[in-house]
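First up is the structure itself, then whatever we jot down about it.
The values are calculated or read from the model by the stated rules, or taken from the named source; none is laboratory data. Here the structure is a predicted model, which means the values were calculated and not measured. As a convention, Cβ positions derive from the backbone with ideal geometry for all residues, glycine included, and neighbour counts pool all protein chains shown. Ligands, DNA and RNA are stripped out before the accessible areas are found, and what is left, the full protein with its side chains, is counted by its heavy atoms. Shrake-Rupley method; radii C 1.70, N 1.55, O 1.52, S 1.80 Å.
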Amino acid sequence: MKRLLVPALAAVVAFGLVGLLAYGLLSRSTDDSIEQAVARGDFPRAPSAVLPVLGSDATQSVAALRGKVVVLNFWASWCIPCRTEAPILERAHRRLSASGAGTVLGVTYNDSTPASQRFSDKYDMSFPILRDVGTKLAERYGTSRVPETFVIDRRGRIVDVFRGQIDQSFIDRALAKARA
Amino acid sequence: MRRRLAVATLLLALLAPAGAAIAATPKVDLVDIEDEVMCVDCGIPLNTAEGAQPDSERDFIRGLIAQGKTKQQIKRALVAEYGEDVLALPETSGVGITAYAVPIALAVAVIVALALLVPRWRRRPAAGMAGADGAVVIPGGSPGLSQADAARLDEDLARYEG
């Protein structure tokens, strides 16, 4: 019995270390389950969290915008492609808000408040921007880099997704799908 | 003369607390903070990280240093902006606790293993010291000396020492 104790202890420690390694690798791997579901036409429910609004004491969430089309965009002031897509998002927001159909909702990613605020001012971003401190919401969308954009329909389902820099044609196509 | 002394004393009394306050506030620089925080986007210490995100993090720290914030205040501000993951030391709750628990568990396992094995190792040579043929067994299991060889060795050693 005693003879088995040491190998058993060593085995437990080894399994523990292998388990930790596996957890570390899995937690860093890219989660593309949303794209796969959208591609199948399953349109998964958009994850939501109540987050502080940049430049305000208010809070906002994706769930609170149910009934509207939402273009959810993860961005950061240090992200170079985000500069290119900022005017596209602003135009989309003006179009959506003018018709009352919806809104663009920005979410900052690993960015400081002053830097996000400066970026938002520089690019005249009039849409609400949420601060996702610790990237908890981003993780639920499988977001591990920016920019990434998710288009959510009136029923709160993700109908299109783009991981990378969007262009006008993506927005036009995705909004048509969300409004259908 | 007495008036000068009084003015000097008054000046010293006024300046002393300010000097003490300056001395009590440790000077913080970027290098001092960088090695204790992480690049949140790349998951490595900030002092070894390169890229747009870590540069942005450094700018934020520089801004706080310019405001005269202490190291602790800067770390708190970083957590408020980037979350707990910005600290180089892992959290003491959730999965982060494994970073503390695993080394402790390993140390305990090693101590338990030693506690079990050391008495066994110590017993083994004692039991085997005298061979069946009267030979002296060298601990570790190598072939031993016969009693005649041992006696000759003792004689040689005695001659050498004499």
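Calculated FRET efficiency, residue A:139 to residue B:80, Cβ-Cβ distance, R0 = 22 Å: about 0.70 to the nearest 0.05. Scoring B:33-43, A:121-131 by mean Cβ neighbours within 10 Å over their residues and listing the highest first yields B:33-43, A:121-131. Maximal additional length on extending the residue B:111-residue B:52 stretch stands at 16.6 nm, based on 0.36 nm per residue less the C-alpha distance.
With R₀ fixed at 22 Å, the C-beta to C-beta distance from residue A:58 to residue A:157 puts the FRET efficiency at about 0.30.
Ligands, DNA and RNA left out, the 1.4 Å accessible surface of the range A:43-102 is 55% carbon and sulfur atoms. If you build a Gaussian network model of chain A, linking Cα atoms that sit under 10 Å apart, which residue out of A:40, A:163, A:155 swings the most? Largest GNM mean-square fluctuation: A:40.
For the range A:18-162, the square roots of the Cα gyration tensor eigenvalues, ordered a ≥ b ≥ c, give a/c of at least 1.5 with a/b no greater than b/c, which places it in the oblate category.
If only the Cβ of Lys and Arg carry +1 and only the Cβ of Asp and Glu carry -1, the dipole of the range A:48-180 around its Cα centre is close to 420 debye. Taking chain A as a Gaussian network of alpha-carbon nodes connected by springs under 10 Å, the highest mean-square fluctuation of the residues A:76, A:58, A:11 belongs to A:11. Taking Cα atoms only, the orientation of helix A:80-99 departs from the longest principal axis of chain A by about 50 degrees. Counting only protein heavy atoms and a 1.4 Å probe, chain A has 50 square angstrom of accessible area per residue.
Residues of the range B:40-54 whose accessible area, computed with a 1.4 Å probe over protein heavy atoms, drops by at least 10 Å² once all protein chains are present relative to their chain alone are B:40, B:41, B:43, B:52, B:53.
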